[in-house]
1. So how many residues does segment 86-100 have that are on the phi < 0 side of the Ramachandran plot, open to solvent by 30 Å² or more (accessible area, probe 1.4 Å), of a type outside the set (D, E) and touching a residue at least 24 places away in the same chain (Cβ under 8 Å)?
2. Please determine whether any residue of segment 111-134 is surrounded by 15 or more Cβ atoms within 10 Å (Cβ to Cβ), in contact with a Lys or Arg (Cβ under 8 Å, 6 or more places away or on another chain), within 15 Å of L6 (Cα to Cα) and not polar (S, T, N, Q).
3. Go through segment 13-39 residue by residue and tally those that are farther than 17 Å from I67 by Cβ, assigned to a strand (DSSP E or B) and open to solvent by 80 Å² or more (accessible area, probe 1.4 Å).
4. Pairs, please: C-beta under 7 Å, at least 6 apart or cross-chain, first residue without any contact (Cβ under 8 Å) to a residue 40 or more places away in the chain and closer than 13 Å to P49 by Cβ and in segment 9-32, second part of a strand (DSSP E or B) and open to solvent by 50 Å² or more (accessible area, probe 1.4 Å)?
5. Tell me, which helices (runs of 4 or more DSSP H) wholly within segment 52-107 include 1 or more residues that are charged (D, E, K, R) and within 28 Å of L124 (Cβ to Cβ)?
6. Determine whether F10 is touching a helix residue (DSSP H, G or I) at 6+ places or on another chain (Cβ under 7 Å), open to solvent by 40 Å² or more (accessible area, probe 1.4 Å) and modelled with pLDDT of 95 or more.
Amino acid sequence: MEYVILDFEFNGVYSDKLKRYFNEIIDIGAIKVNQDMKIIDEFSVLVKPVVGKNVNKYVQNLTQLTIEELTVNGIPFQKMVSELKDFISDATLITWGISDMKVLSDNYKYFFGTGNLGFIKRFLNLQSYCEEKLN
């Protein structure tokens, strides 16, 4: 059994298309571990913004990412998703809370017209699991 532990950074921007604020994914980091929790692979990608024309000051302070760096070094969201699908493969996806999954679904819907993340076979919300086990 393999697990992928995933974390996104996203930039809150106003979308004219959606007529509301939108959390656009700008960075992804993930590691793949085996059943012994040994790291067997890593995935890190900057995503080129399409909706946002600037990086929110809070996000920039947190991530040290600039719009220039994302524009030059980032790849399109669609390419990132293709690479992420290959990276996850049949592994169980793990996140802390559900916010990363919601943001991924929202971005997927924005770019592909559907929020259905069918390429994720198994998902574990580690925060919920820990809360349940630790009361």
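The values are calculated or read from the model by the stated rules, or taken from the named source; none is laboratory data. The structure displayed is predicted, hence computed values, not measured ones. A quick note on method: Cβ atoms are made from the backbone with ideal geometry, for glycine too, and the neighbour counts reach across all protein chains shown. Side chains included, ligands, DNA and RNA excluded: accessible areas come from the protein's heavy atoms. Shrake-Rupley method; radii C 1.70, N 1.55, O 1.52, S 1.80 Å.
1. So the answer is 2.
2. Checked against the condition, which is being surrounded by 15 or more Cβ atoms within 10 Å (Cβ to Cβ), in contact with a Lys or Arg (Cβ under 8 Å, 6 or more places away or on another chain), within 15 Å of L6 (Cα to Cα) and not polar (S, T, N, Q), segment 111-134 yields no hits at all.
3. Here is the first cut: in segment 13-39, the ones farther than 17 Å from I67 by Cβ are 16-21, 28-39.
Now restrict to residues that are assigned to a strand (DSSP E or B): 20-21, 28-33, 39.
Narrowing the set further to residues that are open to solvent by 80 Å² or more (accessible area, probe 1.4 Å) leaves 20-21, 39.
Adding up the residues that qualify gives 3.
4. Once the first residue is without any contact (Cβ under 8 Å) to a residue 40 or more places away in the chain and closer than 13 Å to P49 by Cβ and sits in segment 9-32, its partners that are part of a strand (DSSP E or B) and open to solvent by 50 Å² or more (accessible area, probe 1.4 Å) give Y14/Y21.
5. Details: elements: 57-63, 67-73, 77-88.
Hits in segment 52-107: 77-88.
6. On the way: touching a helix residue (DSSP H, G or I) at 6+ places or on another chain (Cβ under 7 Å): yes; open to solvent by 40 Å² or more (accessible area, probe 1.4 Å): yes; modelled with pLDDT of 95 or more: yes.
Judged against the criteria, F10 is a match.
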